[in-house]
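The values are calculated or read from the model by the stated rules, or taken from the named source; none is laboratory data. Quick caveat, the model's predicted, so the values are computed rather than measured. Cβ coordinates were reconstructed from backbone atoms using ideal geometry, including for glycine residues, and neighbour counts include every protein chain displayed. Just the protein is used for accessible areas: all its heavy atoms, side chains included, with ligands, DNA and RNA removed. Shrake-Rupley method; radii C 1.70, N 1.55, O 1.52, S 1.80 Å.
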Amino acid sequence: MSLTAIIIVVISAALHAGWNAVGKFYQASGTAFLLSATTAASVLFTPYIVWFGTRFPVEEISIQFWWILVVSGLCQMVYLTGIVYAYKNADVGIVYPLARGFPVLLVGAAIFLMGYSVSSNQWIGFFVLFIGCIFLPVTSFKELKIRDYLQPGILWAGFAALGTAGYSVLDKEALNILTHAMGLYVSNEYSAIYYLALQYWAMSVPIALWMICTRQYQQFETAWSIKGVASIAGIMMSTTYGLVLVAMSFTENVSLVVALRQVSIIFGLVIGVFWLGERFYIPRFFGALFIIVGLMVALT
């Protein structure tokens, strides 16, 4: 993994932890917050979609790409829904590390089954990182019991992790198709931004349709009332994942990108303690230490 990709992912991780902290403040808004944030990003990127579509022959992109885009958007919805409801039931310092850490093993297994190479060091690092995530939800080593992981907030975090694993694998495949089709006309970075722009429409439209189908009309008013802060979160979300997509275009093994993104867990813990006033417990310190060691092993 190149130094450029590493720096890009670390910057992305800091921004990711930041927008999750904003989401924690507006957890009561739930689906409305998601709609407002994703719609803001969608509108922001619409001129880019128009420019890209009129400048380059997007009709050469295969139908497979568009199906992957739709499914990836649904996986993003799963992640966002899980993370919002998790924050309604647990602290950022608990939810965020678990939602970010669980997908590492899932993505590693998925890309291995897809034929990509995963070294022994990477597997060891993934498992050490995962163990660190296991320590994070508990307040004392004496209370390390299964029931500590059966609270609603953690179950929702697991739901979010499934979405993360899904879109991480799908997005790498979609980028491969897109960059192959557009490689003669434009650089990979421009293609990555185009994919990001499309993906936010693939998220915001299903959310809006879901609210209409379930008759949650009041949520539209709520979304409009928090449009300012939600727009900021949406911009942070899009910038965050845009950087990740660019890093993916530099890296063959997507599991390394997913693993390195877990440095955001450390940022999340710091924000939770020093900004949101959450308590810090000894097991969380050791959990964070395991995460750092796991990342170092996986990247060597």
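Would you confirm whether or not the stretch 94-112 contains a residue that is more than 20 Å from the chain's Cα centre (by Cα) and either at pLDDT below 90 or surrounded by fewer than 22 Cβ atoms within 10 Å (Cβ to Cβ) (or both)? For the stretch 94-112, residues more than 20 Å from the chain's Cα centre (by Cα) and either at pLDDT below 90 or surrounded by fewer than 22 Cβ atoms within 10 Å (Cβ to Cβ) (or both): present. Filtered by the rule that a residue be among the aromatic types (Phe, Trp, Tyr) and under 24 Å from Ala110 (Cα atoms), the stretch 150-198 gives Trp156, Phe159, Tyr167, Tyr195. Take Tyr116 and tell me if it is farther than 30 Å from Ser36 by Cβ, among the hydroxyl-bearing types (Ser, Thr, Tyr) and at pLDDT below 85. So Tyr116 fits the description; yes.
When the stretch 37-79 is filtered for residues that are touching a residue at least 40 places away in the same chain (Cβ under 8 Å), open to solvent by 50 Å² or more (accessible area, probe 1.4 Å) and of a type in the set (A, V, I, L, M), the ones remaining, listed by number, are Leu44, Val70, Val71, Leu74. So is Asn188 free of Cβ contacts under 8 Å to residues at least 40 places away in the same chain and of a type outside the set (Phe, Trp, Tyr) or not? Spelling it out, it is not the case that Asn188 is free of Cβ contacts under 8 Å to residues at least 40 places away in the same chain and of a type outside the set (Phe, Trp, Tyr). Of all residues in the stretch 168-191, at least one satisfies being within 20 Å of Thr81 (Cβ to Cβ), open to solvent by 10 Å² or more (accessible area, probe 1.4 Å) and within 19 Å of the chain's Cα centre (by Cα).
Take the conditions (1) at pLDDT below 80; (2) part of a helix (DSSP H, G or I); (3) not hydrophobic (A, V, I, L, M, F, W, C); Thr46 misses just one of them, which is (1). Which one is farthest from Ser36 (Cα to Cα), of the residues in the stretch 174-221 that are part of a helix (DSSP H, G or I) and aromatic (Phe, Trp, Tyr)? That would be Tyr190. Screening the candidates Leu155, Leu162, Leu129, Leu184 for the property of being under 17 Å from Val257 (Cβ atoms) and modelled with pLDDT of 80 or more yields one hit, Leu129.
When Ile291, Ile266, Ile282 are checked against the criterion of being in contact with a helix residue (DSSP H, G or I) (Cβ under 9 Å, 6 or more places away or on another chain), modelled with pLDDT of 70 or more and open to solvent by 60 Å² or more (accessible area, probe 1.4 Å), a single residue qualifies: Ile282.
Within 30 Å of His180 (Cβ to Cβ) and in a helix (DSSP H, G or I) - does that describe any residue in the stretch 82-99? Checking the stretch 82-99: not a single residue is within 30 Å of His180 (Cβ to Cβ) and in a helix (DSSP H, G or I).
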